[in-house]
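The values are calculated or read from the model by the stated rules, or taken from the named source; none is laboratory data. It should be emphasised that the depicted structure is a prediction, and the values quoted were computed from it without experimental measurement. Here Cβ is always computed from backbone atoms with ideal geometry, including for glycine, and neighbour counts include all displayed protein chains. Accessible surface areas use protein heavy atoms only, side chains included; no ligands, DNA or RNA. Shrake-Rupley method; radii C 1.70, N 1.55, O 1.52, S 1.80 Å.
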Amino acid sequence: MAELWWIYSKPVPADGRELCTLFLQCSCITAVIGGLFYNWMFASLEYSWHLSVATAVSFSLLLLLTLLLVHPARCVFSMIMPTLGTKQGRELLFSACIMIAVVNITPNIMSNIKTILQVIKCICKNSSDSLLNSTALLEKVSWEFGDAIQETVHSIYKPMNGHFRFSLLQNSSLIYQKMHLASDKISREFLSVEVLVKDSLRVANRLAAGFFVLYLCFQSAWYLKNYLTNLRFDNFYITKKLECLAVDRKAAHLLVGSSKKLIRPTGLKLSWEEVVLCLVQAMLVTVALVLMLVVVAMDHFAFSVADTAVRRAAQFSAVLVTLNIKYKVSAGLSRIMPFLFKVFGHPSEGLLLGDFNRTYHHHLIFSSAHCRISPPMPPNPSVLLVVGLLFCILYATVFLETYARRLCRQIAASFFQSWEQERVLYLYGKLSRRHRKE
């Protein structure tokens, strides 16, 4: 492994064997990166299959030529890997979490909201149908009631017409049409809002992901530029070269006296500034986690409401409506001509003209098996597992960011060993001057 890394980090291969080894190394790297790049574009960013394949192949070929011919580009590319464990890598993971929420969680919430609206639409339609059908019962009652009035014994008291006419049933088709148009309008507006939100989030996530990838490459190039141009940049580590230099010049006490200010790149010790930075980054990741948990909770809440609405709607029983009509008519005695009624032999207390007592039943129906209600969509446990795994990686990168930066420095030092020697001499001179001043 040491020999392979030595060939990979050399500016120019020494012979044909090293050139072939470097070509195989770069080919393996570009094949793996090309596959990951295709999967990222097709599965995460939702680009088309043809565009993803074409872009991945073009990117792989360009990357192969760049790694094979440009030595600093190999260094920058090698530093991108540990840079994924820093802030820039966390931004890419945040972008992946947002895309997972857009592709999986948000449509699930929208689907459950549609189910709730379908239940409400079904209840409104069936209850209105049942209510309009009740007018037929009222018309039947009115005709029977009118017939009872017409069938009075004494024709002198018989009214000309005892029937009622209902015209509400004639407008039922218009009511159905208006309800259908209103529900279609709500469905279209809801669908347009869903499509707009999903497309907007998809485009925003694509732009953010592209920006984060470019910024990741820029961050690695910026680190290498500062490493090669500034001797003081990220130069406070006790490396093996510094230890050997101090031993050769019999100044090992310089490293012992400055142990509080210098850090070994392979050690686990963190400075106070690094600890504070880790805590701040952990708080930011926690805020993002809370926001993602809110979205997940909305998904569970929408499913719970939709499932309850569907089950309760199926359990709705018909409501019995009872119409009881009691009708009794009698004619009292006239105070002006009482002797006429006595002549005809009518009783003095009054005359019974009609008696009507009937009970009618009607059922109001709120749900029907003919309603088209899509089943509620439960939250996908695999999506929750992936999101949880991504946030575990995010928290891990918070505490590994310091070590990732140290690894970047070691990579740069292995690619530019002569410049690393200059940095060691500069740090040794700085420690010597400080020791003499003290």
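Worth pointing out:
- Residue-level check: of (1) more than 15 Å from residue 236 (Cα to Cα); (2) surrounded by 19 or more Cβ atoms within 10 Å (Cβ to Cβ), residue 427 misses just (1).
- Boolean, residue 318 is touching a residue at least 40 places away in the same chain (Cβ under 8 Å), closer than 25 Å to residue 131 by Cβ and touching a helix residue (DSSP H, G or I) at 6+ places or on another chain (Cβ under 6 Å): no
- Here is the figure for the stretch 67-117: residues that are open to solvent by 40 Å² or more (accessible area, probe 1.4 Å), touching a Phe, Trp or Tyr at 6+ places or on another chain (Cβ under 9 Å) and either under 30 Å from residue 306 (Cα atoms) or hydroxyl-bearing (Ser, Thr, Tyr) (or both) total 4.
Conditions tested, residue by residue: (1) at pLDDT 75 or above; (2) under 15 Å from residue 99 (Cα atoms); (3) open to solvent by 100 Å² or more (accessible area, probe 1.4 Å).
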| position | (1), (2), (3) |
| --- | --- |
| 166 | no, no, no |
| 173 | no, no, no |
| 185 | yes, no, yes |
| 210 | yes, yes, no |
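- Residue match in the stretch 44-54 (condition: among the aromatic types (Phe, Trp, Tyr), over 16 Å from residue 410 (Cα atoms) and either in the same structural domain as residue 414 (by the TED database) or touching a Cys at 6+ places or on another chain (Cβ under 6 Å) (or both)): no
To keep it simple, each residue is scored yes or no on (1) open to solvent by 70 Å² or more (accessible area, probe 1.4 Å); (2) closer than 30 Å to residue 324 by Cα; (3) at pLDDT 85 or above; (4) not assigned by the TED database to the domain that holds residue 231.
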| residue | (1), (2), (3), (4) |
| --- | --- |
| 354 | no, yes, no, yes |
| 361 | yes, yes, no, yes |
| 364 | no, yes, no, yes |
| 380 | yes, no, no, no |
| 383 | no, no, no, no |
| 389 | yes, no, yes, no |
| 403 | no, no, no, no |
| 408 | no, no, no, no |
| 414 | no, no, yes, no |
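- Filtered by the rule that a residue be part of a loop (DSSP other than H, G, I, E, B) and exposed (fewer than 14 other Cβ atoms within 10 Å of the Cβ), the stretch 237-251 gives 249, 250.
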